[in-house]
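The values are calculated or read from the model by the stated rules, or taken from the named source; none is laboratory data. Note that the structure is a prediction, hence the values are computed from the model and not measured. A quick note on method: Cβ atoms are made from the backbone with ideal geometry, for glycine too, and the neighbour counts reach across all protein chains shown.
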């Protein structure tokens, strides 16, 4: 009886949080300044935080993976999606990866790209207006606990003129919300303009090449961060450690421009879509009131203007699924 009770207690006891290689440890993005008398001042590195959010935002941003034509009000689509997106693996901001080999260094040691997989459902609508389509899905970053919930709405401004040399044109708004990261909230909204053209092949195959432009608006928000998680402030003599906890102050909107091109191939109900995306390097700045000093690395003050220093990023995305009409 005692053995059964102990076994049950072990099963029900809360386990320690387990982080995967690509999970975030934002407490590493700090400059720890020693005054020579044993007093440590922890300075949050806003520029690293902004650049990390920018690159991660591109990784988690909604992808097009559809031509400009909608599915039609009777259409419905289910897909499984796979993407791989390059990152600046040597950037110091990637010290925040759980698997970083040198978290106190000045450069990162991340992989050259991050991979995601996801699932999507898309539905053509007749309400509130014709040529309207909505989609909902979820995306997961491999080797992490990161998931995103995604939603979009697309309106075809021109579609259906398949026998004429007129492309289909659509606009789309989308949002992606990161989940399962304790120290950061990340929301990515986007606006797209896409053009595509339908081609029939042999009466059985359909080819839909498409291209477009996309504006990403990335909104990072910091939760309370403990930069010394190995120190327990409840232990006598360590009570003052709780004073080291901090929050990255809210950043101005991060803007990234992407250009995309792809093709959807359809046979019967089965479709495969391949898309390549190129995101321009980041350049937006967090313009703080009361200062015009740009942040440097390492920064000795958090009162500075942080510039997004992310490099250009490339994404290859593949979607496989079925269309129902």
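Yes/no matrix, rows are residues, columns are (1) more than 30 Å from residue 21 (Cβ to Cβ); (2) surrounded by fewer than 14 Cβ atoms within 10 Å (Cβ to Cβ):
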position	(1), (2)
169	yes, no
208	yes, no
226	no, no
236	yes, yes
266	yes, no
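Among the residues of the range 198-235 satisfying the criterion of being within 30 Å of residue 156 (Cβ to Cβ) and part of a loop (DSSP other than H, G, I, E, B), which is nearest to the chain's Cα centre (by Cα)?
198
The set of residues from the range 52-83 being part of a loop (DSSP other than H, G, I, E, B) and out of contact with any strand residue (DSSP E or B) (no Cβ under 6 Å at 6 or more places or on another chain) comprises 66, 74. Residues that are surrounded by 14 or more Cβ atoms within 10 Å (Cβ to Cβ) and out of contact with any strand residue (DSSP E or B) (no Cβ under 8 Å at 6 or more places or on another chain) within the range 271-302 comprise just one, 281. Considering only residues in the range 125-146 that are touching a strand residue (DSSP E or B) at 6+ places or on another chain (Cβ under 6 Å) and modelled with pLDDT under 95, the one that is surrounded by the fewest Cβ atoms within 10 Å (Cβ to Cβ) turns out to be 125. Taken as a whole, the structure places residue 186 among residues that are buried (at least 16 other Cβ atoms within 10 Å of the Cβ), touching a residue at least 24 places away in the same chain (Cβ under 8 Å) and either over 20 Å from residue 263 (Cα atoms) or under 14 Å from the mean Cα position of the chain (by Cα) (or both). Looking at the range 147-162 only, could you name the residues that are assigned to a strand (DSSP E or B), surrounded by fewer than 14 Cβ atoms within 10 Å (Cβ to Cβ) and over 24 Å from the mean Cα position of the chain (by Cα)? If the condition is that a residue be assigned to a strand (DSSP E or B), surrounded by fewer than 14 Cβ atoms within 10 Å (Cβ to Cβ) and over 24 Å from the mean Cα position of the chain (by Cα), then 157 is the only one that fits. Give the residue that is modelled with the lowest pLDDT, with candidates limited to residues of the range 84-108 that are more than 16 Å from residue 48 (Cα to Cα) and either out of contact with any strand residue (DSSP E or B) (no Cβ under 7 Å at 6 or more places or on another chain) or in a helix (DSSP H, G or I) (or both). Only one residue fits best here, namely 101. Figure legend. Inter-residue proximity from the range 6-31: first residues closer than 21 Å to residue 222 by Cβ, second residues at pLDDT below 50 and surrounded by 14 or more Cβ atoms within 10 Å (Cβ to Cβ), beta-carbon distance below 7 Å, spacing 6+ or different chains. No pairs are indicated. Scanning the range 137-146 for residues that are in contact (Cβ under 8 Å) with a residue 60 or more places away in the chain and in a strand (DSSP E or B) turns up 139, 141.
Please work out which residue is farthest from residue 21 (Cα to Cα), limiting yourself to the range 89-109 and to residues that are surrounded by fewer than 22 Cβ atoms within 10 Å (Cβ to Cβ) and under 18 Å from the mean Cα position of the chain (by Cα).
Our first condition is that a residue be surrounded by fewer than 22 Cβ atoms within 10 Å (Cβ to Cβ); within the range 89-109, this holds for 89-92, 98-107, 109.
From what's left, under 18 Å from the mean Cα position of the chain (by Cα): 89, 91, 98.
Values: 89: 14, 91: 17, 98: 5 Å.
The qualifying residue farthest from residue 21 (Cα to Cα) is 91.
Among the residues of the range 242-269, those that are outside any loop (DSSP other than H, G, I, E, B), within 30 Å of residue 29 (Cα to Cα) and modelled with pLDDT of 95 or more comprise 254, 255, 256, 257, 258.
Which of the residues spanning the range 190-206 are within 23 Å of residue 136 (Cβ to Cβ) and either crowded, with 18+ Cβ neighbours inside 10 Å or modelled with pLDDT under 95 (or both)? Give the steps one after another, and end with the answer.
First pass over the range 190-206, keeping only residues within 23 Å of residue 136 (Cβ to Cβ): 190-194, 196.
Passing the criteria: 190, 192, 194, 196.
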